[in-house]
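Student: The structure's right below; bear with me while I get my questions together.
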Amino acid sequence: MIENIKKNATARMAKSIDALKDELTKIRTGRAHPSLLDHVMVLFYGNEVPLAQAASVTAADARTLTVTPWDKNMVPVIEKAILASNLGLNPVTSGTVIRVPLPPLTEERRRDMIKVVRAEGEASKVAIRNIRRDANAELKEMLKKKEISEDEERRAQDDIQKLTDKYIAEVDKALAAKEADLMEI
């Protein structure tokens, strides 16, 4: 029973880390990366779909993304979707290919991005601590029902705290990497 609680907590904490990493990829650095346009939604034959389902997105070089629509009639729709995405990008169309040059980030913009990154990290840490709280509450409930001894509960809580510390350290590592990436010129 205790093992199930630990496995559940581990799985949920790992999902929190995955969610953080997913959010961090959406935050723009100075380099062009196709995942930057992942959350852009396009009206494709009457349905709202992610840009990746309506076009091929590749990094032409360090500062330019290339978007090649599957259907050439989609070029203006995709262009409008990129403009409306609030990423501060201005797509340039040449025939059936849309080039998206990434303007260099200013120092002030980089600092703002770091604040956003830290806020995401703090949200992940809170989620991990909430998972720890839930697991400890389950252990206390088991102790109350006399399903486990006090010693077993204490050991299990220590194990869950070690798990929490491990995943909090992973969050810190991911944040440090993203901050270094943002401050890179």
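Student: Would you grab the residues whose amide H sits under 5 Å from the one on ALA55? Only those 5+ places off in sequence or on another chain, please, with H modelled 1.01 Å from N.
Tutor: TRP70
Student: Still on this structure, please answer the following. Among HIS33, LEU139, GLY88, which residue has its Cα furthest toward the positive end of the charge dipole of the chain, with +1 on Lys/Arg Cβ and -1 on Asp/Glu Cβ?
Tutor: It is GLY88.
Student: Can you tell me how the chain classifies by the Cα gyration tensor, rounded, prolate or oblate, using a/c under 1.5 as the rounded cut?
Tutor: prolate
Student: Oh, and also: When the dipole is taken about the Cα centre of the range 34-101, and only Lys, Arg (+1) and Asp, Glu (-1) are charged at their Cβ, what size is it in debye, to the nearest 20? Please report the intermediate quantities before stating the final value.
Tutor: Details: 4 positive and 5 negative charges, 32 e Å.
Result for the range 34-101 is approximately 160 debye, rounded to the nearest 20.
Student: Still on this model: Scan around ALA60 for amide H atoms under 5 Å from its own, H built in the peptide plane at 1.01 Å from N, and keep only partners 5 or more places away or cross-chain.
Tutor: The answer is LEU65, THR66.
Student: Further question: Kindly write out, for the range 156-171 in residue order, the coupling ³J(HN,Hα) from the Karplus curve 6.51 cos²θ - 1.76 cosθ + 1.60 (θ = phi - 60°), rounded to whole Hz, with x marking Gly and Pro.
Tutor: 5, 5, 4, 4, 5, 5, 4, 4, 4, 4, 4, 6, 5, 5, 5, 4
Student: Which far-off residues, 5 or more places away or on another chain, put their amide H under 5 Å from the one on PHE44, with H placed in the peptide plane?
Tutor: VAL49
Student: Please give the peptides 164-172, 102-110 ranked by average Cβ packing (other Cβ atoms within 10 Å per residue), highest first, as a rough proxy for protection. Walk me through the numbers before you get to the answer.
Tutor: Working: 164-172: 16.6, 102-110: 13.1.
So the peptides 164-172, 102-110, ranked by packing, come out 164-172, 102-110.
Student: Further question on the same structure: Cut-off is 10 Å between beta-carbons; in what order do VAL116, VAL92 appear when sorted fewest neighbours first?
Tutor: VAL92, VAL116
Student: On to the next question. Using a simple charge model, +1 on the beta-carbon of Lys and Arg, -1 on the beta-carbon of Asp and Glu, nothing else, what dipole does the range 104-146 show about its Cα centre, in debye to the nearest 20?
Tutor: Numbers: 13 positive and 8 negative charges, 77 e Å.
Using Cβ point charges on Lys, Arg, Asp and Glu, the range 104-146 gives about 380 debye.
Student: For the chain, what is the charge dipole size about the Cα centre, in debye to the nearest 20, if Lys and Arg each add +1 at the Cβ and Asp and Glu each add -1 at the Cβ? Display every interim value, and only then the final one.
Tutor: Numbers: 31 positive and 30 negative charges, 31 e Å.
Computed charge dipole of the chain: roughly 140 debye.
Student: Run the numbers on the chain and let me know its relative contact order in percent, using alpha-carbon pairs under 8 Å that are six or more apart.
Tutor: On the way: 220 pairs, mean separation 47.1, N = 185.
Over the chain, the number comes to 25 percent.
Student: Using the alpha carbon gyration tensor of the range 34-101, what are the three equivalent-ellipsoid semi-axes (square root of 5 times each eigenvalue), largest first, in whole Å?
Tutor: On the way: eigenvalues 55, 33, 23 Å².
Working through the eigenvalues yields semi-axes of 17, 13, 11 Å.
Student: Okay, moving on. Alpha carbon centre of the range 77-124 versus the range 129-161: separation in Å?
Tutor: The distance from the Cα centre of the range 77-124 to that of the range 129-161 comes to 45 Å.
Student: Where the centroid of each part is defined by its Cα atoms, how far is the range 34-52 from the range 164-185 in Å?
Tutor: 28
Student: Shifting gears a bit: Tell me, what HN-Hα J-couplings in whole Hz come from the Karplus equation 6.51 cos²θ - 1.76 cosθ + 1.60 at θ = phi - 60° for each residue of the range 132-144, using x for Gly and Pro?
Tutor: 4, 4, 4, 5, 5, 5, 4, 5, 4, 5, 5, 5, 4
Just so you know, all these numbers are worked out from the coordinates, no wet-lab data involved. The structure displayed is predicted, hence computed values, not measured ones. We place every Cβ from the backbone using ideal geometry, glycine too, and count neighbours over all the protein chains shown.
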